[in-house]
Amino acid sequence: MAETAILGFLQNNESIPDSGQFAAEHNLDHEEVKNVIKSLQGFRYIEAKELKRETLVLTDEGKKYAAEGSPEIHFFSAIPEEGSISKDDLEKKLDPSVFKIGSTQAAKKKWVAMGKQVSRKVQHVEDKVKESLLQIQQGLELDKESLNSLKTRKLIVTQGWIGYSDIQKGPSYAPKRKIFATDLTRENLQNWKELEFKEYNFNAKGQPLEAGHLHPLLKVRKQFKDIFCQMGFEEMPTNNFVESSFWNFDALFQPQQHPARDSHDTFFLKAPSTTRELPEDYVERVKQVHESGGYGSRGYNYEWKREEANKNLLRTHTTAVSSRMLYALAKGPFTPKKYFSIDRVFRNEAVDRTHLAEFHQIEGLICDRGLTLGDLIGVLQEFFRRLGMPQLRFKPAYNPYTEPSMEIFSYHEGLEKWVEIGNSGMFRPEMLQPMGLPEDVRVIAWGLSLERPTMILYGIDNIRDLFGHKVDLDLIKRNPICRVGIESS
Amino acid sequence: SLLQSPLSRSPILIASPPLRFNNPRPNLTGNNPTMPIISVGRDRLFAALGESYTNEEFEDLCLVFGIELDAVTTEKAIIRKEKHIKEESDDDEEVIYKIEIPANRYDLLCLEGLAQALRIFNKKEVIPTYKLSDIGNDNMLKMNVRSYQTCQIRPYIVCAVLRGVAFDEARYSSFIDLQDKLHQNICRHRSLVAIGTHDLDTLRGPFTYEALSPMDINFVPLKQTKSFRADELIEFYKSDLKLKKYLHIIESSPVFPVLYDSKRTVLSLPPIINGAHSAISLQTKNVFIECTATDLTKAKIVLNTMVTTFSEYCEKKFEIEPIEVTYDSGESYIYPDLAVYDMEVPVSYITDSIGVYLEVEEVTSLLNLMQLPAERSISSDNQCLVKVHVPPSRSDMLHPCDVMGKVAIAYGYNNIPTRKPASIKPLPLNELSDLLRLEIAMNVYTEVVTWILCSHKDNFALLNREDNNSAVIIGNPRSTDFEGARTRLMPGLLKTVGSNKDHPKPIKIYEIGDVTLLNETKDVGASNRHHLAALHCGATSGFELIHGLVDRIMEVMGVPFIPTGDNTGYYINRSEEPEFLTGRQASIIYKGKHVGNFGIVHPQVLNNFDITDPCSFVEIDIEALL
């Protein structure tokens, strides 16, 4: 009602000077008018200035007198024009409050003579009170004396008044207000032109989405896998956690008293406790090379025990699989190979911030004739360059089944120092030749853990936050795409 | 570096502490807890090297030689750490270098051996020749082995004497430390080999090595004053933190190995404890060394390591007095066995394996740096060989590959010319795009592949847009469907929705692909941009969901949300694009650059594509995010 009136009025008129007046003229409740103005102003249909003033309003008593006349008039009228009336009769004739107030006021104004008998003193009186009250209702000015008398009689009070002035068209003015909406829906799509949208807060993020997320460790694994594939490596089948000591250690020319074969380093198995079979002729050659050498080697000169080789364990490195692959390769006519794997390995050791009893080993190896240490360094440089580590140094190291052995260091920009990032080497002839690989075939290999680079990439300093059941699910959800191997200089 | 990779944009990347890369393990992944670490006084080491280094310089020397400076500390700091005391260090504390040694280089397990190796590597010293003192068989000390007894528990023994040793405090403690390191490593905690060292002047040969019932062995052990019977001693040591771990080696045997001199003085009860009588001290001049063992090869290596490293302090430098060990069978052996092991290695094998060209003289001089005397030799078939005389201290040299490896070290790993392998490299943009495709699909959007070719009005009029001359136009279109190339992915997605009216709502689809725009800077006048677009269509527009998808795209790209609008991440600005509904659309600003828009698709546009349900849509130029 009020909205239509205001918008409609403004269509043909410049402005509305006073909301109170407008309400009165259009017979509208001023409160409603005010609310509509406020809302239209918010949506910039109109502009308006706030208006404050003090006004006089009639009290309930005042309103009654304005409508019915003052009590003193009623009192006066009840007295006969001539003669008198007993006070008791007069009291019976009139409402008690009219009698009480009327008698006082009429006496005060000297209209009547009061006693046992009441009579008029004057013949004609005017109801000035009613007149004044009506004038106030109409917003007309009154003399001070009259105002004071009305105030004293509590027929009027002053009141603060709030309204609007200078109500004009706003920038979004329309003769009819649009429909308020929070979204475009199937229902309101047809009348979209009439829709009005609430302001949207672009400083807050959008609605969180229901979505699936991949684990950062395996995201990094995928990138490593891609790098290997791009470098022409094929993946080794590493889906066998249970391995015999033979393939895990002996085949790698790792002597049986080597500390890594201690129970405090390796998980040996109770069930199945031993391997059921090994390739006997190959086992014999491995025993020989350990005990007394051969293929140009002195050997380790100790008594090699089959029982040790038979012991089952959880593989301590994926190189156990590499040894099986190379042995299989040696059985046929020689073909060069590039192999890789990324899979779980197990270590019987205390779990701490940087160590777990199981982790992922990344391993790459190349088997070919005429390979050199220069090839190994070259392939490592290419591999790690793709990981974003172009600056490498190599440290001579010892490893029972590689010679030369090289630890790989990369310059860490953040720490401003060289940090070890992996190990590498050329497999020893004592490992390769008992397998039956030709003498001039060399194998270069390297390895690193998957967890460590992942921890660096995602800023995780406790391995248990990354891998295992104590992982923070939120971390899995908020991690970005792994760009390893995608961008490198 | 890895740390500087694009992921470092991610807000979650924090500086990581210096983690150890899974450590020298006896395999390709690294860290071996069994890799021995020795502690040497820095100043003594530098004195022995005849040269001083900064920590960095010494670290570099280690890296080239193949050892590792693990830590720099002080004696007091070590004690403080053990006792968990926090205290300020004094400036005058002696600096200790903790150095990690390759597990097969027993000869480097003490300062003497390490310093000698580095002096030779630095060309400050020539390789010493170790020899047995020529004392004649009659004067030679004898060790008689009751082998029928000892074979039941610990069959072998090897011995030697160092004459006229000049100990001082440092040398003496180095001598003790070396035994300790050998015990921990090659001796496998004394199970394979146990070393006993004695003041020879307190003893009288010949000696016997026996294995007797514990009831029959009585002696005063080291650091004790009263005599124990061997079985009582075992009980006594069960509460000894250091010794209790060795008891299992003999405890359950009916006989215990024991060494006597000719006066039945007990030298030792290997592998547990020596007798107090023959204990060595700083004043000891003549040291009798015995190694009892279950593994003879390792016993010989241990003995050779002990005598070669400390014979430099003997009156006659590098000279060791031998002992004759005789078994019950009558077989006798002279120890230590200082025989040089000769290896003949073709030069071509060495150079071919490393991948460098070297003259034979270069090879031999490189080998000399690695303490390996070598000379030129010619094989019967005229092959050029190097003949390497492996000293008795070098049990690590098993095979010609070890010779090759040492040449490589001396040549310098970091000087070897490299060969780059053949490999392929996919385009980073497409790799990243593929990963992003998966991420969008994981947010439950279905991928569509739409045409590049479109009608001209698809690019403009249907999207409420003016033709701004940005599109490639085909001159000879077969139909109005092929008038040009798309300038945005939007029409393709809208057409897909329009063609799938009966598909249950909501429809959530996306596409990542190229658009083509006119480009003055290109030779042909046009170039592609890689865009990502996603659309939600349903009973409601899904505007907030598309907004959420924008956030997720930025999150997976490692771009932080910066509502304050600076240039370190992305923020959202309201926009006025004709294809979107006013008030429900915005620009995506990445590092200050406008990279895309999202919003509720304008109803007029929906109508143009014959879509009867509200849609929200986002399109981003992902090339701009790289």
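The values are calculated or read from the model by the stated rules, or taken from the named source; none is laboratory data. None of these values were measured; they are calculated from a predicted model. Heads up, the Cβs are rebuilt from the backbone with ideal geometry, glycines too, and the neighbour counts pull from every protein chain shown. Just the protein is used for accessible areas: all its heavy atoms, side chains included, with ligands, DNA and RNA removed. Shrake-Rupley method; radii C 1.70, N 1.55, O 1.52, S 1.80 Å.
Shown in residue order for the range A:170-178 are the 3J(HN,Hα) couplings computed by the Karplus curve 6.51 cos²θ - 1.76 cosθ + 1.60 at θ = phi - 60°: x, x, 9, 4, 9, x, 10, 6, 6 Hz (x for Gly and Pro). Between B:Glu125 and B:His189, the modelled labels are 3.4 nm apart [label points 7 Å from Cα along Cα→Cβ].
The phi-based Karplus calculation (6.51 cos²θ - 1.76 cosθ + 1.60; θ = phi - 60°) puts the 3J(HN,Hα) values of the range A:292-304 at 10, x, x, 6, x, 9, 7, x, 8, 6, 9, 7, 7 Hz, whole numbers, x for Gly and Pro.
By the helix-only formula, in which each DSSP H run with n ≥ 4 contributes -39500 (n - 2.57) and the sum is divided by residues, chain B has a 222 nm mean residue ellipticity of -7500 deg cm²/dmol. The listed residues A:Ser172, B:Ser470, once ranked by accessible area (1.4 Å probe) with the largest placed first, stand as A:Ser172, B:Ser470.
Put simply, the amide H of B:Leu141, placed in the peptide plane, has neighbours under 5 Å in B:Glu324, leaving out anything fewer than 5 places away on its chain. Where only DSSP H runs of four or more residues are counted, chain A gives -10000 deg cm²/dmol as its mean residue ellipticity at 222 nm, each run worth -39500 (n - 2.57). Taking 4.7 Å between C-beta atoms as the pairing limit, chain B has these partnerless cysteines: B:Cys62, B:Cys110, B:Cys151, B:Cys159, B:Cys187, B:Cys291, B:Cys314, B:Cys384, B:Cys401, B:Cys454. What total accessible surface area, summed over both chains, is buried at the interface between chains A and B, computed with a 1.4 Å probe and given in Å² to the nearest 100? By this definition, chains A and B bury close to 11000 Å². The distance separating the Cα centre of the range A:133-201 from that of the range B:461-505 comes to 50 Å. For the range B:547-626, applying the loop criterion from DSSP together with a ceiling of 13 other beta carbons within 10 Å to the chymotrypsin sites (Phe, Trp or Tyr not before Pro) yields no site. Against the longest principal axis of chain A, how steep is helix A:280-291, in degrees 0 to 90 to the nearest 10, with axes from Cα atoms? The angle comes out near 80 degrees. The Cα atoms of the range B:143-207 give a gyration tensor whose axes a ≥ b ≥ c have a/c of 1.5 or more with a/b no greater than b/c, which makes the shape oblate.
Given R0 = 30 Å, the distance between the Cβ atoms of B:Glu251 and A:Leu269 translates into a calculated FRET efficiency of 0.65.
Length gained on full extension, A:Glu14 to A:Arg153, computed as 0.36 nm times the residue gap minus the Cα-Cα distance: 45.7 nm. For A:Tyr398, the amide hydrogen comes within under 5 Å of the amide hydrogens of B:Ala103, counting only partners 5 or more places away or on other chains and with H modelled in the peptide plane.
Label positions at A:Asp352 and B:Thr568, each projected 7 Å from the Cα along the C-beta direction, are separated by 3.4 nm. I'd like the distance between the alpha-carbon centres of the range A:266-326 and the range A:402-442, rounded to an integer number of Å. Between the Cα centre of the range A:266-326 and that of the range A:402-442, the gap is 21 Å. Which is the longest stretch in chain B that no exposed loop site breaks, taking sites as GluC sites (Glu not before Pro) with a DSSP loop state and at most 16 other Cβ atoms within 10 Å? Value returned for the longest uninterrupted segment is B:126-250. Take the protein assembly as shown with all the other protein chains still there, run a 1.4 Å probe, and you get 44 Å² of accessible area per residue.
Taking Cα atoms only, the orientation of helix B:360-369 departs from the longest principal axis of chain B by about 70 degrees. Compared with the dominant principal axis of the Cα atoms in chain A, helix A:216-230 is inclined by about 50°.
Remark: spin-label model distance B:Glu361-B:Val340 equals 2.1 nm, labels positioned 7 Å along the Cα→Cβ axis.
What FRET efficiency do you get for B:Lys387 and B:Glu315 if R0 is 30 Å and r is their Cβ-Cβ distance, rounded to the nearest 0.05? E between B:Lys387 and B:Glu315, to the nearest 0.05, is 0.40. You can think of it this way: the chain between B:Thr480 and B:Glu375 has 29.2 nm of extra reach, that is 0.36 nm per residue less the Cα-Cα gap.
In this calculation the C-beta distance from A:Glu280 to A:Lys338 is compared with R0 = 30 Å, giving a FRET efficiency of 0.50.
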